[in-house]
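Chemist: There's a structure below that I have some questions on.
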Amino acid sequence: MVPIVQTVQAVRPGSDPISVRHIFLKPGRDRPVLNGHPWIFSGAIATVEGDQETIGVADVFDDRKQWIARGLYNPKSQIRIRVLTWEREPIDRDFFSRRMVQALALRENYLFTTTTAYRLINGEGDLIPGLVVDRYHDFLVCQFFSSGIDRFKQDIVAAVSGLVRARGIFERSEGRVRDEEGIEPSVGVLSGEAPPELISIDENGYKFLVDVRRGQKTGFFLDQRDNRVLLSSLARGQIVLNCFSYSGAFSVYALGGGAKKVISLDSSKPALELAEQHLALNGCATEKSELLKADAFIYLKECDTSFDLVVLDPPSLAHKRIDVSAATGGYKFLNLHAFKRIKRGGLLFTFSCSQHLSIDLFQKVVFGAAVDAGRRVTVLKRLGQPIDHPVSLHHPEGEYLKGLVLRVLD
Ligand code: SAH
């Protein structure tokens, strides 16, 4: 990526109709931006010229007043600017269309034949920081996670409508990230028809029902698609414990792959009810399948059954960097007790979806758990996100999902 550098003379504050503020960085703080990192924190900024109070487009300059990037400014967020482009182009509907064409090509080339549900836009990984768009068959679900991108909602809806034939576009912007940005939750129809209570999707020959209004994330864990396929290929004849099963997607794949028995464990009744529907829909609601409403932390510690294969896919235990050390305790506890429940030669699929926990730290924590459980363990594979959840090489923070497939030798 070669940033186009222009001098400040050509773009004095006020002379540019697109940008209403100019941000001047401290010496040396331009390097990450020039290297393609999209986040500029408040500490990197020397001065702001123009409107400092409102959210909107900003031009970014280095300390020698050279133009380097254009992004979205939020005076209330720690991430003061999210860079959208390193070219002097207007931020408008056409801009978002161009980004979306690129994103859509990836999905259409590689996913079109395997699934009717995928992530169409994955924020920074698709060069639109703060935006998530998931496709569930003929409906789209959007999440606007930054107040800057929230201002472009209409342009984004128009851009995506122009590219993808959808019956309706639904918004599901809520949660911690929005709270931190200082924006209210926003949920409802953005365009077209309201989605049905449950949208039916097909993934690798399996059927699932997605509740885009109340389900976790935008309704389904699209990010585990490839890991489900791997699990299915290793499940034949196995007795499986699927902890944190949510709507039972891993369970359906395990039974589809020939598992002898699968216990789906979750603390949420609605999640288990949906899992029950998914198992029935895929012909898996037989004596081989059991649903268990329980706290995984307590169950794993207290149960005395042994399993051939355990899946551990807890919700994020570290929402912020500061939570990481407490979270490692939670991951260690879960993995320690899972190891104790796995038969010799058995497998553990263990995950962390905490953005702040690196794969190396996660593996160290799991290693500590294996040692404390007195088990000898090999790593068969490291797991991550599928191709519709791309991670920008310039923004490694986007790699939130980490997993390990482990074999317990003795
Ligand atoms: N593995 C799932 C996604 C898991 S999401 C999939 O691939 O679809 C995390 C799940 O953990 C949620 O369904 C939530 O209800 C459940 N959960 C949260 N805390 C729990 C606990 N202490 N014990 C059991 N389940 C829990």
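Chemist: Only residues in segment 94-109 that are touching a residue at least 24 places away in the same chain (Cβ under 8 Å) and assigned to a helix (DSSP H, G or I) count as the first member; pair them with residues that are small (Gly, Ala, Ser) and surrounded by fewer than 19 Cβ atoms within 10 Å (Cβ to Cβ), Cβ under 7 angstrom, at least 6 apart or cross-chain, and list the lot.
Modeler: Ser97/Gly162
Chemist: What is the residue count in segment 234-252 for residues that are among the hydrophobic types (A, V, I, L, M, F, W, C), crowded, with 24+ Cβ neighbours inside 10 Å and over 24 Å from Phe112 (Cα atoms)?
Modeler: 4
Chemist: Please find, among Val229, Val240, the residue that is under 24 Å from Arg344 (Cβ atoms), over 15 Å from the mean Cα position of the chain (by Cα) and of a type in the set (Val, Ile, Thr).
Modeler: Exactly one of Val229, Val240 is under 24 Å from Arg344 (Cβ atoms), over 15 Å from the mean Cα position of the chain (by Cα) and of a type in the set (Val, Ile, Thr), namely Val240.
Chemist: If you don't mind, there's one more thing I want to ask. Scan segment 272-283 and give yes if some residue there is within 16 Å of Val365 (Cβ to Cβ) and either without any contact (Cβ under 8 Å) to a residue 60 or more places away in the chain or among the polar types (S, T, N, Q) (or both), otherwise no.
Modeler: No, segment 272-283 has no match at all.
Chemist: Is it true that Phe95 is under 18 Å from Gly148 (Cα atoms) and either of a type in the set (Phe, Trp, Tyr) or surrounded by fewer than 19 Cβ atoms within 10 Å (Cβ to Cβ) (or both)?
Modeler: Considered against the rule, which asks whether it is under 18 Å from Gly148 (Cα atoms) and either of a type in the set (Phe, Trp, Tyr) or surrounded by fewer than 19 Cβ atoms within 10 Å (Cβ to Cβ) (or both), Phe95 comes out as yes.
Chemist: Also, quick follow-up: Being more than 25 Å from Phe351 (Cβ to Cβ), among the aliphatic types (A, V, I, L, M) and touching a helix residue (DSSP H, G or I) at 6+ places or on another chain (Cβ under 9 Å) is the filter here, so list the residues in segment 169-224 that pass it.
Modeler: Across segment 169-224, the qualifying residues are Ile169, Ile183, Leu190, Leu198.
Chemist: Looking at Leu292, Leu279, Leu255, Leu231, which one is in contact with a strand residue (DSSP E or B) (Cβ under 7 Å, 6 or more places away or on another chain) and surrounded by fewer than 20 Cβ atoms within 10 Å (Cβ to Cβ)?
Modeler: Leu292
Chemist: Can you name every residue in segment 295-325 that is over 25 Å from Phe339 (Cβ atoms) and surrounded by 14 or more Cβ atoms within 10 Å (Cβ to Cβ)?
Modeler: Selection gives His319 alone.
Chemist: For segment 336-344, state whether one or more residues are more than 16 Å from the ligand (Cβ to nearest atom), crowded, with 21+ Cβ neighbours inside 10 Å, modelled with pLDDT of 95 or more and closer than 18 Å to Phe244 by Cβ.
Modeler: The answer is yes, given that some residue of segment 336-344 is more than 16 Å from the ligand (Cβ to nearest atom), crowded, with 21+ Cβ neighbours inside 10 Å, modelled with pLDDT of 95 or more and closer than 18 Å to Phe244 by Cβ.
Chemist: Any residue that is touching a strand residue (DSSP E or B) at 6+ places or on another chain (Cβ under 8 Å) and acidic (Asp, Glu) - is there at least one of those in segment 353-371?
Modeler: no
Chemist: Using beta carbons and a limit of 9 Å, which pairs, at least six apart or on different chains, have the first residue in segment 374-389 and closer than 20 Å to Leu348 by Cβ and the second one hydroxyl-bearing (Ser, Thr, Tyr)?
Modeler: Final answer for the pair search is Gln385/Tyr400.
Chemist: Filter the strands (runs of 3 or more DSSP E) completely within segment 23-70 down to those with at least 1 residues that are under 28 Å from the mean Cα position of the chain (by Cα) and modelled with pLDDT under 95.
Modeler: Answer list for segment 23-70: 56-61.
Chemist: Here's something else I'd like to know. Kindly check whether there is at least one residue in segment 366-383 that is at pLDDT 95 or above, assigned to a loop (DSSP other than H, G, I, E, B) and closer than 27 Å to Ile79 by Cβ.
Modeler: Within segment 366-383, not a single residue is at pLDDT 95 or above, assigned to a loop (DSSP other than H, G, I, E, B) and closer than 27 Å to Ile79 by Cβ.
Chemist: Which of the residues belonging to segment 371-398 are surrounded by 19 or more Cβ atoms within 10 Å (Cβ to Cβ) and charged (D, E, K, R)?
Modeler: Across segment 371-398, the qualifying residues are Arg375, Asp388.
Chemist: Taking segment 71-84, which residues are crowded, with 24+ Cβ neighbours inside 10 Å and not in a strand (DSSP E or B)?
Modeler: Within segment 71-84, Asn74 is the sole residue that qualifies.
Chemist: Now for a separate question. If you scan segment 202-217, which residues turn out to be away from the ligand (no atom under 12 Å from the Cβ) and closer than 18 Å to Asn122 by Cβ?
Modeler: Answer for segment 202-217, where residues must be away from the ligand (no atom under 12 Å from the Cβ) and closer than 18 Å to Asn122 by Cβ: just Val212.
Chemist: What do you reckon, is Arg119 part of a helix (DSSP H, G or I) and either in contact with an Asp or Glu (Cβ under 6 Å, 6 or more places away or on another chain) or not aliphatic (A, V, I, L, M) (or both)?
Modeler: Spelling it out, it is not the case that Arg119 is part of a helix (DSSP H, G or I) and either in contact with an Asp or Glu (Cβ under 6 Å, 6 or more places away or on another chain) or not aliphatic (A, V, I, L, M) (or both).
Chemist: Would you say Ser161 is over 22 Å from the mean Cα position of the chain (by Cα) and away from the ligand (no atom under 16 Å from the Cβ)?
Modeler: yes
Chemist: Within segment 112-131, work out how many residues are touching a Lys or Arg at 6+ places or on another chain (Cβ under 9 Å) and closer than 20 Å to Arg228 by Cβ.
Modeler: 7
Chemist: Which residue out of Asp202, Asp223 is crowded, with 19+ Cβ neighbours inside 10 Å and of a type outside the set (S, T, N, Q)?
Modeler: Asp223
Chemist: Of all residues in segment 359-373 being of a type outside the set (A, V, I, L, M) and touching a residue at least 24 places away in the same chain (Cβ under 8 Å), which is nearest to the ligand (Cβ to nearest atom)?
Modeler: Phe362
The values are calculated or read from the model by the stated rules, or taken from the named source; none is laboratory data. As the structure is a prediction and not an experimental result, all values here were calculated from the model. Counting neighbours? That spans all protein chains shown, and the Cβs are built from the backbone with ideal geometry, glycine included.
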